[in-house]
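Down below is the structure, laid out as structure tokens.
The values are calculated or read from the model by the stated rules, or taken from the named source; none is laboratory data. Bear in mind the structure is a predicted one, so any value in this text is a computation, not a measurement. So basically every Cβ, Gly included, is an ideal-geometry build from the backbone, and we count neighbours across all protein chains shown.
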Amino acid sequence: MKTLKFLIEKEFKQMFRNPLIPRMIVMYPIMVLLVFPWAVSFEIKNIRIDVVDHSKSTYSKRLTDKIEASGYFILNDTPPDYRTAMLNMEHNETDMILEIPSSFDTDMVKNRTSGVGMAVNSVNGTMGLLGSNYITQIVNDFSSELRSELMHTLPPQSRASIKRMAQIDIVPQYKFNPSLDYKNFMIPGFMVLLLTLICGILPALNIVMEKENGTIQQINVTPVSRIHFILAKLIPFWVVGLVVMIISVSAAYLLYGLWPVGSVLAVLFSAIVFILSISGLGLIISNYSETMQQASFLVMFFILILILLGGMFTPVSSMPSWAQLIAAINPFSYLADTFRMLYLNGSKLADVTGNLLAMGVIAVILNGWAVFSYKKRG
Amino acid sequence: MIEVKDLYKSYAKGKVNALNGITFSVEDGEIFGVIGPDGAGKSSLFRILASLLLPDSGIAVMNEHDVVIDYRKVRQIIGYMPGRFSLYQDLSVEENLTFFATLFNTTIEENYHLIKDIYQQIEPFKNRRAGALSGGMKQKLALSCALIHKPEILILDEPTTGVDPVSRKEFWDMLGRLKEQGITILVSTAYMDEASRCDRIALIRDGKFIASDTPQGIIENYADILWSVEGTRMSALLSALRDYSAVKTSFAFGDKIHITVTEGLQVGELRQYLAEKKFDDVRIAPIKPTVEDCFMALTSE
């Protein structure tokens, strides 16, 4: 025990002597939470649009204004014909084209229905999909607006016929994240990302650094047991991980007013379970690498898998089944899910037991593997 | 006492043979030097003896403890200094020493008498980080750390490589004093001139001991007639010598050329041959062989 305490003391000494790490511990979570939630977002804004207005009527003008006022679109140009608009798209000056037919206003008034043409540059699939959805929404909105206006101009008998027309209004209710704020969704994910980097990667690189510097040989010829040596490497980063979590939770509250609807203690507890499993992965990496370069490369590889297949950006449920299988053994996806449940759904510790158990099992397997794969002597 | 028998070690699945059957023994309180060029297998041998590497076959026993079976005990009684400086560069001199003392459940005070001589020289810099020390001071710190738990056997892997000549001499003086304290010392070096500081030496090449004796014994076993040749235009001189049939071998030794010659060749004959080749001011003299000459002779056979 005395040896362990002394080893940990040495790790902290080295950590605080490194000019970068203590600063990073504080700055890292703050910077990540300050910058990323604004930039990494699937809310598509500033879509450039060309409106080809053949109708040039008050109605078409109103529709164009409405699109521009929606906040999602920037009116790039109003070219005279579709061909010019298409050229604009080919030159990457615009992302969408909306074509309003010349009979737009008469159709609207006489037949109470009209069509508009739409072309979307879907090189960026998300932008294409969301852009066309927005336009559809705006156009639908516009038509129901018109409908109620036109009602008053019509003779009473026709009014009745319009009223009889079936009108289906879908009123979505956004639960748990009522403002549909993408940031609220992403911030718990960024917290998991921070923990992965600090508790999974740093101790692994640290052990490999001792290998590279040869200091591990000096340690190996002392009576220090392997368990003590590894614990002394892990514990400081577990502590740092918790500190980072506390900073992140506070920063999320101060910057965005985001506080776990469930229990904040449950957030910290599940973070600890995650830390145990992810540091097991780090140990495996350190066992298989001889140099920092190898370790960094392996780390990059695993981080990519953990994050991209971990449901941070895209829901696991929409992945192909093989990717869902990977997610089932990915501690990242369990914690991201747990954090979102605790932060947004207001779940209690009892509700996330399943996730915690899964992470616990992963922790046992990974750490067992780490012990097994450690070769005492070459 | 160190007893090594038939030690074999290969790397890369048997493609590289680092050790090809090494057998030797070192008496208590002896300085035993393993001398040979880089890549001869010195570090592999030492790492096996320090219980850091498993041999493919063979036995190595350190003061009656087998390095494979009883490695825990071996680690208690040896002090190992790897070839590369491998202490914590970001810890201070004193912190490094305290660190290793604590890992061996001892304190600096308890064994201060052992390291006093060495440590006193770096004590003025005890708050300096190890990474900021000069090469010679680093070696002194590493030796202090290897000694702090009062080992019975010291294993020093090329301790003087990259250290200036003055520090090298000091270092060997320190080893002499440690020997007086009864510590068995196994040391390797690529510098042949350090051989005379050892009680016994072994010359190693391609993972094999090609000779093992006292430095004097090795020199006495030297059978050839050795001359030194000095002059200008060294490289031309060397090839001229190699063309002369009575010269058996010739090697450049610093600013001289050492040659072995067939029996009966007179200095005058060689001088005349060289004069014909327009080497006028050459100095030729018979000399006593050094360990390096012995090594050259043994390896060129």
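Taking every residue in region B:45-57 that is of a type in the set (S, T, N, Q) and pairing it with any residue that is part of a loop (DSSP other than H, G, I, E, B), at least 6 positions away or on another chain, the pairs with Cβ-Cβ distances below 6 Å are B:Ser51/B:Val67.
When B:Arg128, B:Arg197 are checked against the criterion of being of a type outside the set (S, T, N, Q) and either surrounded by 23 or more Cβ atoms within 10 Å (Cβ to Cβ) or over 21 Å from B:Ile31 (Cβ atoms) (or both), B:Arg128 stands alone in meeting it. Residue count for region B:256-301 satisfying the condition of being of a type in the set (Asp, Glu) and modelled with pLDDT of 85 or more: 5.
When we screen B:Arg72, B:Arg84 for residues that are at the interface with chain A (Cβ under 10 Å from one of its Cβ atoms), under 16 Å from the mean Cα position of the chain (by Cα) and of a type in the set (D, E, K, R), the only hit is B:Arg84.
All told, B:Ile284 falls short of being assigned to a strand (DSSP E or B), free of Cβ contacts under 8 Å to residues at least 60 places away in the same chain and under 29 Å from the mean Cα position of the chain (by Cα).
Conditions tested, residue by residue: (1) surrounded by fewer than 19 Cβ atoms within 10 Å (Cβ to Cβ); (2) in a helix (DSSP H, G or I).
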| position | (1), (2) |
| --- | --- |
| A:Ile227 | yes, yes |
| A:Val239 | yes, yes |
| A:Leu265 | yes, yes |
| A:Leu268 | yes, yes |
| A:Ala271 | no, yes |
| A:Phe297 | yes, yes |
| A:Phe313 | yes, no |
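Here the helices (runs of 4 or more DSSP H) wholly within region A:1-83 that include at least 1 residues being within 30 Å of A:Gln218 (Cα to Cα) and away from chain B (no Cβ under 14 Å) are A:21-39.
Here's the yes/no breakdown for (1) at pLDDT 85 or above; (2) more than 20 Å from A:Asn46 (Cβ to Cβ):
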| residue | (1), (2) |
| --- | --- |
| A:Ala85 | yes, no |
| A:Asn88 | yes, no |
| A:Leu98 | yes, no |
| A:Phe104 | no, yes |
| A:Asp107 | no, yes |
| A:Gly115 | no, yes |
| A:Val123 | no, no |
| A:Ser132 | no, no |
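Filtering region A:188-219 to residues that are free of Cβ contacts under 8 Å to residues at least 12 places away in the same chain and more than 17 Å from A:Ile285 (Cβ to Cβ) leaves A:Asn213, A:Gly214, A:Thr215, A:Gln217, A:Gln218, A:Ile219.
Of the residues screened, B:Ala240 is not one that is surrounded by fewer than 15 Cβ atoms within 10 Å (Cβ to Cβ), of a type in the set (Gly, Ala, Ser) and part of a helix (DSSP H, G or I).
Report the residue count in region B:172-185 for those that are under 22 Å from B:Leu203 (Cβ atoms) and in contact with an Asp or Glu (Cβ under 9 Å, 6 or more places away or on another chain). Residues meeting the conditions: 4.
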